[in-house]
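Visitor: Submitted below is the structure of interest, expressed as structure tokens.
The values are calculated or read from the model by the stated rules, or taken from the named source; none is laboratory data. Everything numeric here is computed off the predicted structure, so don't read it as measured data. Don't worry about glycine lacking a Cβ; one is built from the backbone with ideal geometry, like all the others, and counts go over all protein chains shown.
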Amino acid sequence: MKRQKVLIVEDNATLVHMLQRFFDGLGFDSDYAYTGKQFTQRLREEHYVLIIVDIMLPDTSGFNIIKKIRRFNKEKPIIVITTDEEIESQIKSFKEGASLFHKKPIEYTLLREQVFNLLRKDSVDVEKEIGELVINLNSRTVKKGNKDISLTCLEFAMLEVLINNAKSILSREAIISLLDEDGCEKELTSVDTIVCRIRKKLGEEIQDSIIETVRGVGYRIRSGI
């Protein structure tokens, strides 16, 4: 059985090694990113059940990392680890969307309980029902009736962006920006292509699609389905 993965965003190599051993002992595989750039690359490659983020990074801040994650995923468990004891940093972490704040040096017994508590809460699948579709944002699966629909990472990311912004009409530029935070390529012409691929896989015609084209503006999830 494939083990779930954790991403550690931390620039201290010694601490990264210790955290990887810690998570291995808990039954998780882990990847690491020393910089914000590496973080973005990792998200292109893998799906993570939990992200550990340091506040101070060489090329960005942990606050920016959290903000990027929350733009396309409102539910992902995020634990901030930092030597910064200022209450303002804790408040800002939570405002940006952190799930928990853990001060260094790390108390591994406490961290263990925090991890399992977060993942127990997150284990309740986040399902969205839209018409005949059942979309699970945790397992990243789509069903239409009894049929499993296979979407690529980019196609699912597009669908997730639209679902998370269901009350809004998103321009192509806004969609690209949100997909870029998910590590997806930034090409204006790709948005229409991705929408067409999703519709084809769902067996939908344009007029009946859950993704509604708003002429001259962009796309949104069709209401009233």
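Visitor: It is to be established whether one or more residues within region 33-42 are surrounded by 21 or more Cβ atoms within 10 Å (Cβ to Cβ), over 17 Å from the mean Cα position of the chain (by Cα) and in contact (Cβ under 8 Å) with a residue 24 or more places away in the chain. Steps first, please.
Guide: Residues of region 33-42 surrounded by 21 or more Cβ atoms within 10 Å (Cβ to Cβ): 33, 39.
Next, from what is left, pick out any that are over 17 Å from the mean Cα position of the chain (by Cα): none.
No, region 33-42 contains no residue that is surrounded by 21 or more Cβ atoms within 10 Å (Cβ to Cβ), over 17 Å from the mean Cα position of the chain (by Cα) and in contact (Cβ under 8 Å) with a residue 24 or more places away in the chain.
Visitor: Would you be able to tell me the number of residues in region 76-124 that are of a type in the set (A, V, I, L, M, F, W, C), touching a strand residue (DSSP E or B) at 6+ places or on another chain (Cβ under 8 Å) and modelled with pLDDT of 90 or more?
Guide: Here is the first cut: in region 76-124, the residues of a type in the set (A, V, I, L, M, F, W, C) are 78-81, 87, 91, 94, 98, 100-101, 106, 110-111, 115-116, 118-119, 124.
Imposing the further condition that a residue be touching a strand residue (DSSP E or B) at 6+ places or on another chain (Cβ under 8 Å) reduces the set to 78-81, 94, 98, 100-101, 106, 110-111, 115, 118-119.
Still in the running and modelled with pLDDT of 90 or more: 78-81, 94, 98, 100-101, 106, 110-111, 115.
Of the residues in that region, 12 qualify.
Visitor: Give region 164-174 a look and list any residue that's more than 10 Å from ARG220 (Cβ to Cβ) and buried (at least 16 other Cβ atoms within 10 Å of the Cβ), or say none. Step through it out loud before you land on a result.
Guide: Step one: of region 164-174, the residues more than 10 Å from ARG220 (Cβ to Cβ) are 164, 171-174.
Across region 164-174, the qualifying residues are ASN164, ARG172, ALA174.
Visitor: Exactly one condition in (1) farther than 21 Å from VAL9 by Cα; (2) surrounded by fewer than 18 Cβ atoms within 10 Å (Cβ to Cβ) is not met by LYS95; state its number.
Guide: If we test LYS95 against (1) farther than 21 Å from VAL9 by Cα; (2) surrounded by fewer than 18 Cβ atoms within 10 Å (Cβ to Cβ), just (1) comes out false.
Visitor: A further question on this structure: Being over 24 Å from LEU26 (Cα atoms) and touching a residue at least 60 places away in the same chain (Cβ under 8 Å) is true for just one of LYS95, LYS128, LYS68. Which residue is that?
Guide: Going through LYS95, LYS128, LYS68 in turn, just one is over 24 Å from LEU26 (Cα atoms) and touching a residue at least 60 places away in the same chain (Cβ under 8 Å): LYS68.
Visitor: A further question on this structure: In region 105-125, which residues are in contact (Cβ under 8 Å) with a residue 40 or more places away in the chain and in a loop (DSSP other than H, G, I, E, B)?
Guide: ILE106
Visitor: Can you pull out every residue in region 1-25 that is part of a helix (DSSP H, G or I) and surrounded by fewer than 16 Cβ atoms within 10 Å (Cβ to Cβ)? Steps first, please.
Guide: Initially, region 1-25 is screened for residues part of a helix (DSSP H, G or I), giving 13-25.
Those that are part of a helix (DSSP H, G or I) and surrounded by fewer than 16 Cβ atoms within 10 Å (Cβ to Cβ): ALA13, THR14, HIS17, MET18, ARG21, ASP24, GLY25.
Visitor: Do you know which of the residues in region 50-75 that are assigned to a loop (DSSP other than H, G, I, E, B) and at pLDDT 90 or above is surrounded by the fewest Cβ atoms within 10 Å (Cβ to Cβ)? Lay out the reasoning, then the answer.
Guide: Pass one, region 50-75, residues assigned to a loop (DSSP other than H, G, I, E, B): 55, 57-60, 73-75.
After this cut, where a residue has to be at pLDDT 90 or above as well, the list is 55, 57-60.
Values: ILE55: 21, LEU57: 21, PRO58: 10, ASP59: 12, THR60: 16.
Among them, the one singled out is PRO58.
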